[in-house]
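Structure record follows, encoded as structure tokens.
The values are calculated or read from the model by the stated rules, or taken from the named source; none is laboratory data. Treat the numbers as computed from the prediction; the structure is a model and nothing was measured. When we count neighbours, we look across all protein chains shown, and the Cβ atoms used for this are built from the backbone with ideal geometry, even at glycine.
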Amino acid sequence: MLSDPANLDKTFRYAEIAIQAGDYEAAITALERMLLFNPDLPRVRLELGVLYFRLESYAIARAYLTRAVEGDSVPDDVRARVAVFLEEIDKRTSKHRFSGSIYAGARYQDNANSAPERPEITVLGLPAILPGDFTRKNDLNAFGSGSLTYRYDPQRQDDYVFEADGLVYAAKHTSQQQLDLIFTEIKLGPRGPFSPDLVDDTEWRPYIFGEQVWLEDSPYFYAFGLGFNFSRQFTAAFAAELNLEHRVQEFRESDSRPTADDQDGHEDEARVDLRYQVGDGMFLSGASSIKVEDAEESLHSNREFQFTLGYTQSYGAPFKLTSRPWTSSVNGTFIYTKYFAPDTTVDPDRNRSEEERRFSFLTSVPVNRDWSVIGTVQRTIVDSNFRNFSYNNTAFTIGASRRF
């Protein structure tokens, strides 16, 4: 390229390789050199606008993008891409930003009520037979969820912003109405760089939160607490996140749950998430957490350890069904829970413990820029030292998602 600087094909190829290597500055230098030889290159101005956008130099990005669509001979696909990036720049440079998603669909489960595999259970330390109403039941439910994030950016030099997150989830079952659920959560707190003079590329977010859960159209419990989130981008491919939370939980009694308030108490959780990009569109993820629940009645107090591994890959649509890449992921989770005291209604001499394994496969098929169809298969296996709590369940989910 240096020996033949007027060869625009070589220069553009060099810029492509620099972008693949993550060297945006080198790509910008090469593309700007192309404009010196030929200023009438809308695609080059578009690529320069995109590169400055990735570097968060939004004013320069806007200038290049605006110039890219000047004149009557600009290709339609260039105009469409410019419109998308200009819209995103307007969002990111505004002091007030909203983003979110909605997801709705249907789920079939062959053991919706998490009933034991066999009717033989333990009651008061003695063998017993589970009544038929409480044995394994399959069911179909409809669900919907929505999330919304509001970000206020005062555009100060310290880069701190204020965020408010809201989440709503609801599920309605065909026959197992006792599982009908509504969950709401709100989370508030600032976000910004953590000690930038000492640690690079690290953000933290202290926050407060509140939650409310309804079962069978009646209040089940509410919770509130505080948390701290730390995230760091160690390299272009590797990122890690630490989350700490303390919550207070208050349960409500009802005719079907007369002892629910025995679970009142508090909960502490620490979680680490890791993400590594192993190639183009290929990611490995892992998570580990420990959660300690201290309930008013010690039979509900427990300690839980959780480990998760996952792999995600984006790829071209099979048989070229769509022009947009599909994304699939496979995940495995192991959870070990140990209770601190016996449940005397089950066995007065033994504490409950259980191991849970979850395996899931998900595929997301984009319909357009905003909408996707998502299908999931999940298998759950729970092994407990009491048959009362051992079960397995297979769930099939299909739904549609939109991001905005």
(request) Please tell me if residue 98 is within 28 Å of the chain's Cα centre (by Cα) and under 22 Å from residue 147 (Cα atoms). (result) yes
(request) Inspect all residues belonging to the stretch 382-404 and state whether any of them is at pLDDT below 95, among the charged types (D, E, K, R), under 25 Å from the mean Cα position of the chain (by Cα) and part of a strand (DSSP E or B). (result) yes
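Condition check ((1) assigned to a loop (DSSP other than H, G, I, E, B); (2) of a type in the set (Ser, Thr, Tyr); (3) exposed (fewer than 14 other Cβ atoms within 10 Å of the Cβ)) across all residues:
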{"site": "168", "(1), (2), (3)": "no, no, no"}
{"site": "186", "(1), (2), (3)": "no, no, no"}
{"site": "190", "(1), (2), (3)": "no, no, yes"}
{"site": "197", "(1), (2), (3)": "yes, no, yes"}
(request) Residues that are small (Gly, Ala, Ser): find the helices (runs of 4 or more DSSP H) completely inside the stretch 1-107 holding 3 or more of those. (result) 24-37, 58-68
(request) Kindly indicate whether residue 136 is more than 17 Å from the chain's Cα centre (by Cα), closer than 28 Å to residue 117 by Cβ and surrounded by 14 or more Cβ atoms within 10 Å (Cβ to Cβ). (result) yes
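Within the stretch 107-125, take every residue that is aliphatic (A, V, I, L, M) and either outside the structural domain of residue 399 (by TED's automatic domain parsing) or surrounded by 13 or more Cβ atoms within 10 Å (Cβ to Cβ) (or both) and give me the one that is nearest to the chain's Cα centre (by Cα).
112
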(request) Would you please name the residue that is farthest from residue 178 (Cα to Cα), looking only at residues in the stretch 108-151 that are out of contact with any strand residue (DSSP E or B) (no Cβ under 8 Å at 6 or more places or on another chain), assigned to a loop (DSSP other than H, G, I, E, B) and touching a residue at least 40 places away in the same chain (Cβ under 8 Å)? (result) 125
(message) Of the residues 312, 345, only one is touching a Ser or Thr at 6+ places or on another chain (Cβ under 7 Å) and either assigned by TED's automatic domain parsing to the domain that holds residue 265 or over 26 Å from residue 136 (Cβ atoms) (or both); which?
(response) 312
(request) Please find, among 280, 273, 268, the residue that is in the same structural domain as residue 344 (by TED's automatic domain parsing), surrounded by fewer than 13 Cβ atoms within 10 Å (Cβ to Cβ) and within 27 Å of the chain's Cα centre (by Cα). (result) 280
(request) Under 9 Å between Cβ atoms, at least 6 apart or on separate chains: pull out the pairs that start in the stretch 294-321 with a residue that is surrounded by fewer than 13 Cβ atoms within 10 Å (Cβ to Cβ) and end on any residue that is among the aliphatic types (A, V, I, L, M) and in a strand (DSSP E or B). (result) 321/365
